[in-house]
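So the structure is just underneath, and the comments pick up after that.
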Amino acid sequence: MPSERLVVAHFMVGNTYPYTIDEWTADITLASTHAMDGFALNIGQSEWQMSRVADCYDAALHVNATHPFRLFLSLDMSSIPGETVQDALRIRDYVLRFAQHPCQLRYHGNVLVSTFSGEKSLFGQRDLDSAWSFVKKIIRDAGVEIYLIPSWFINPERYPSLHSMDGYFNWNGGWPIRLTSESPSREIHMPKLDRDRPHLAHLGGRAFMAAVSPWFFTHYGPDSWNKNWMYRADDWLFVRRWEQLIAQRDTIDIVQIISFNDYGESHYVGSIKGAQPGSHAWVDGYPHEPWLHLAGYYARAFKHGVCPLVEADTIYMWARPHLKGAITEDSLPRPRHWELTDDTIWVVVFAVAPAVVTISSSDDGRDAQVIDVPAGVTKLSHPVDPSGSMRARIERDGVVAAECIPEQDGFRFQERPKAYNFNAYCAMSLPGAGSERT
């Protein structure tokens, strides 16, 4: 295993139709500022996407003058055809186009390539291993070796027989996806995030890419993608998963954040921009960049094996905009698994020294919690008042060190929402001031 550990973010090229190089430069700068080493560029079959990928590589070269930033293709095989030899040749051409670029991420000296799905893509060959061995061969014949870390949705017990696979990316490892409304309450609260184990057990020392994600909610009807479900992302999911990955860093080569800009599934940590995939109803007005700031802290801890010093008193907080049982006029039902979530404000406090934290949701503060916190990172929570908002402050020796007031940016809980929205509103503090969203 290489000594260098990497943190990358999944980037949906399909949401970048109006992008210019300036937009790419801004995103790369934002990501690299928060300790990300690169993007996994999810590409589908639309031809225009390759032009955007080319712009991204060019932008990365410019940003690389001060912040090395690397890129690799994540072939979305739920979109890219994979039935014929010609389909394999098309993938070859994708890879060759950027293989020699200075910003191409190489792993063990070879061009890193990943996938989303692809377990049914046989390219005219007899089985999965033959199919992707064929893809690697035709790329090799063109003078390029690839390092394939796919996310195939298959039984991990098959890994020892799959010689085409140089590693594995456990896409679903960041969420407790097996929870249902029938799960025992002891499994729902603080659920185990243990889906990496069977993959690691069968990889035989090959590379492992782990997933971390802050959220998951999608609300498409049958007239579009027909996706209407959520995963439980309560219990400070993003932070708990990072803590787990840091504790297990000796077994993990790369962490991939899902995602930088997948608005449709509500797990974006970057700015809201580009061309959304029909997700405006639950994304617009719901910033997530505070999660990016959190990711920067934990990414540094993962890469270096030591948590950075807390250098500023900071409050991070997030919550859904309405109670899970709220009544709406939505033509779609509540998302599947809606029963699994709690009506809770989730708070993470970074304190440079012991302090007092006050959290409230009601307008008059009658529900305020006052908590003594030590120096370092503390995870807190507070019940939602559906007629109020959320706010928190850090005080030390009677002086406000940081304050987070999302209502100053227009956020209040909705007692009677027009439509179901199980996305999260994220906020963070400025030292001694109100909340910020960026």
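Worth pointing out:
- Most mobile of M317, M77, M36 in a GNM of the chain (Cα contacts under 10 Å): M77
- Estimated from helices alone, the mean residue ellipticity of the chain at 222 nm is -6500 deg cm²/dmol (sum of -39500 (n - 2.57) over DSSP H runs with n ≥ 4, per residue).
- Within the range 120-174, the chymotrypsin sites (Phe, Trp or Tyr not before Pro) that combine a DSSP coil assignment with at most 13 other C-beta atoms in a 10 angstrom radius are F153.
- Selected from P406, P277, P160 as most flexible by GNM, with the chain as the system and alpha-carbon contacts under 10 Å: P160
- Rel. contact order, % - alpha carbon contacts under 8 angstrom, at least six apart, the range 62-127: 51 percent
- Relative contact order %, the range 314-428, counting alpha carbon pairs below 8 Å whose residues are six or more apart: 37 percent
- Label-to-label distance for A281 and D250 is 5.0 nm, based on points extended 7 Å past Cα in the beta-carbon direction.
- Amide H contacts of Q45 (H built 1.01 Å from N, under 5 Å, at least 5 apart or other chain): I80
- Comparing D262, D364, D409 in a Gaussian network model of the chain (Cα springs below 10 Å), the most mobile by mean-square fluctuation is D364.
- When peptides 226-233, 138-145 are sorted by average Cβ neighbour count within 10 Å, with the highest value leading, the order is 226-233, 138-145.
- Compared with the dominant Cα axis of the chain, that is its longest principal axis, helix 48-63 is turned about 70°.
- The relative contact order of the chain, computed from alpha carbon pairs under 8 Å that lie at least 6 residues apart in sequence, is 14 percent.
- Crossing angle, helix 289-304 versus the chain [Cα axis fit, 0-90 degrees, rounded to tens]: 60 degrees
- By the count of other C-beta atoms within 10 Å, a proxy for reagent exposure, C103, C307 are ordered fewest to most as C307, C103.
- The amide H of V255, built 1.01 Å from its N in the peptide plane, has L6, V7, V8, A210 as neighbours under 5 Å, considering only residues 5 or more places off or on other chains.
- Computed FRET value (nearest 0.05) for R396 with K418, which takes r as the C-beta separation and R₀ as 30 Å: 0.10
- Sites I154 and C307 - FRET efficiency at Förster radius 35 Å, r taken between beta-carbons, to 0.05: 0.50
- Straight-distance candidates among the lysines for linking to K120, with alpha-carbon spacing under 28 Å and chain neighbours fewer than 8 residues away dropped: K136, K137, K227.
- Environment charge at G278 (Cβ cut-off 11 Å; Lys +1, Arg +1, Asp -1, Glu -1): 0
- Annotation: aspartates and glutamates with alpha-carbon distance below 12 angstrom to K273 (same-chain offsets under eight excluded): E23, D27, D262, D284.
- For the chain, the longest principal axis of the alpha carbon atoms and the long axis of helix 21-33 meet at an angle near 70°.
Where a number appears in this text, it was derived from the coordinates with a stated rule and is not lab data. In this text, all values refer to a predicted model and were calculated from it rather than measured experimentally. Backbone-built Cβ (ideal geometry, glycine too); neighbour counts: all protein chains shown.
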